1. Taking Cα atoms, how many degrees apart are the long axis of helix 80-91 and the longest axis of the chain, rounded to 10 and kept between 0 and 90?
2. Against the longest principal axis of the chain, how steep is helix 273-285, in degrees 0 to 90 to the nearest 10, with axes from Cα atoms?
3. Give me the percent relative contact order of the chain, please, defined on Cα pairs under 8 angstrom at least 6 residues apart.
4. With a sphere of radius 15 Å drawn around the Cβ of residue 178, what net charge do the other residues whose Cβ falls strictly inside it have (Lys, Arg +1; Asp, Glu -1)?
5. Can you compute 3J(HN,Hα) from phi for each residue in the stretch 114-125, using the Karplus curve 6.51 cos²θ - 1.76 cosθ + 1.60 with θ = phi - 60°, rounded to whole Hz and x for Gly and Pro?
6. State whether the chain is rounded, prolate or oblate according to the following rule on the C-alpha gyration tensor (a ≥ b ≥ c being the square roots of its eigenvalues): a/c under 1.5 gives rounded; otherwise a/b larger than b/c gives prolate, and the remaining case gives oblate.
7. Using only the Cα atoms of the stretch 129-228, what are the Rg and Dmax in Å?
8. Just add up the charged neighbours of residue 214: K/R +1, D/E -1, any other residue whose Cβ is under 15 Å from the Cβ of residue 214.
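Here, each number is a calculation from the coordinates, and none is a lab measurement. Quick caveat, the model's predicted, so the values are computed rather than measured. Please note: Cβ atoms are built from the backbone with ideal geometry, for glycine as well, and neighbour counts cover all protein chains shown.
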Amino acid sequence: MSPQEFLESVRDRAKEYRKTIVYPDATDERAIRAARRVVDEDIAAVVLVGERQLIAETAVACGTSLDGIGIVDPSRSGKLDDFSATFFELRKHKGISEAEARDVMTDPLFFGAMMVRKGLADGSVAGSLSTTGDVIRAGILCIGLEEGINTVSSFFLMVFPEKVYAFADCAVLPDPDEDQLADIAVTTARNYRKLLREEPRVAMLSFSTRGSAEHPMVDAVREAVRRTRSKNPGLPVDGELQVDAAIVPSVAERKAPDSEVAGRANVLIFPDLNAGNIAYKVAQRMGGAEAIGPLVQGLQKPAFDLSRGCSVEDIVNVTAFNVIMGVE
């Protein structure tokens, strides 16, 4: 399957679910143009969150109709009082005042995330104007963490003509500990199954395979494997594995012949952000893979972060992934 065929299949699946997605970076013409495409192609309903007049002016400037696209202006919304009260209750233990909570809720990122929390939307897509830190902070504080998971992370789908891999974490956590690596493995595997409809086989990567080297970094990966198995006993996971042992059958036969994962892994968990970020860009720029993401995971409902250099096409595709990852 080519990358384009894969993306088309994801967009087609998203149409089945009739979800509503909020775009908090709604004054960006890319977001407005993407919203038009998403609605016209029936991928999802879209609500633009931001200053209504500025959204309207931007739409006119880029020649895009807003017919059939929702718009919510946080500062003028009838939901502002309720959202502010909820945020105050969530954060009062941190010393926030009611006035401060109301001020936060006028921010489109936080208002949009609260819409998701309250069930007024199914997911959020932002980042074309906002920073990654702000997008994730709004998701954590308003939507909250997935049950049993204490880590917000991300993954990329790396689409090759012959296979699709998940790489994690390549964008969020610089130096995950053993528990965080286990959370990353469990959530990435779950989302791989959801998006690809295939059984995930998880490789926890290292510069060592099955004791070929001894080092505290290797010990951390081994412990992460143990904790992953404890969190999800039925998940096919192995490590520590070098990447060639994880994905090349002939290498796996020599280095880890008894492994149910080695040589057949499709979910690759990197020990830190250095390794993950370098690897996905090498696969993309030198290996010719289509890199889709980062797709944020670990929240109760999906709130995705875009690159600020994203295209309209990127926003449309990420919206489709957001829809599917939000399906129970």
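1. That helix lies at roughly 40 degrees to the long axis.
2. Approximately 90 degrees, to the nearest ten.
3. Values: 670 pairs, mean separation 75.0, N = 328.
Relative contact order comes out at 23 percent.
4. Details: positive: 222, 226, 227, 229, 231; negative: 169, 175, 177, 179, 183, 219, 223, 240, 272.
It works out to a net charge of -4.
5. For the stretch 114-125, the Karplus curve yields 5, 4, 5, 4, 7, x, 7, 8, 9, x, 10, 10 Hz.
6. On the way: a/c = 2.46, a/b = 1.62, b/c = 1.51.
Since a/c reaches 1.5 and a/b is larger than b/c, the shape of the chain is classed as prolate.
7. Computed over the Cα atoms of the stretch 129-228, radius of gyration and Dmax are 14.9, 46 Å.
8. Working: positive: 210, 222; negative: 219, 223, 240.
Here the charged neighbours net out to -1.
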